[in-house]
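See below for the structure under consideration.
Here, each number is a calculation from the coordinates, and none is a lab measurement. Everything quoted here is computed from the prediction, not taken from an experiment. Cβ atoms come from the backbone with ideal geometry, glycine included; neighbour counts cover every protein chain shown.
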Amino acid sequence: MSNYPERIRLALVDDHKMLLGALTEWIRGAADDIQMVAAVTTWPELLTHPEFPVDVVLLDLDLKDNIPVALKISTLKTTGVRVVLMSTYSEPNVVREALAAGALGYLVKSEDASMIVEAIRAAAQGESFISAELDLAINAADIGGAPKLSAQERRVMALYGGGEPVKAVAYKLGISEETAKSYLKRIREKYRVAGIDVGTKVALRRRAIQDGILIQDSPTGTF
């Protein structure tokens, strides 16, 4: 059973019917804490759907309807709906604009499928989730400092850097082992682009302490 007390009511908006069908089936099979209540191909269909408003909307950025994405996001925000955007491309300016408008997540459609579920769960809890490659594109100018990690990435880094094996990290965070490995890969990639090597567990632990993600000599004894 799921670790989440209530199921997340999800709506999916994508004008590619084949992708819509495939994603609907995949999400239904992959996550028992997410309930797909609407899968539509246009923006008006979402707003007039009997299940609307939902908890989270997975929204295709590339709907050919000439309605600005910022307007869609603000409309959803006023009804208390959280937004995760999907796109086939990762133009940094578009991503920045969408996040500034209030989107909580942004995924490229080539992203690992498991990341879609994580992005939906993060949004439901009011946390942001951005695909690793997009994060790198957005923050390319900030090279030199510590990279910006999501709340979940910080949790993974703290547990793994604190000495937990990947299996235990996954168990404690209620995610699969594969997803935990994906997070570690993303963390290492973000640091690599910032010019910091955390390829080994020792280097990752040292960096986690340096960046205040892990408190040194933690009383749990996991080091």
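Figures for the structure shown
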quantity	calculated
Packing-based order for 164-172, 63-71, 113-121, using average beta carbon neighbours within 10 Å, highest first	113-121, 164-172, 63-71
Distance-filtered residues of segment 99-133 - backbone nitrogen under 17 Å, label point 7 angstrom along Glu51 Cα→Cβ	117, 120-121, 124
Pairs of Cα atoms farther than 12 Å apart, segment 38-88, %	63
Distance histogram in 5 Å bins (all Cα pairs of segment 1-80, percent per bin)	3, 15, 25, 25, 18, 10, 4, 1, 0
Cβ crowding within 10 Å averaged over residues, with 94-100, 20-26 ranked highest first	94-100, 20-26
For the chain, the spread of Cα positions along each principal axis, largest first, Å	55, 42, 30
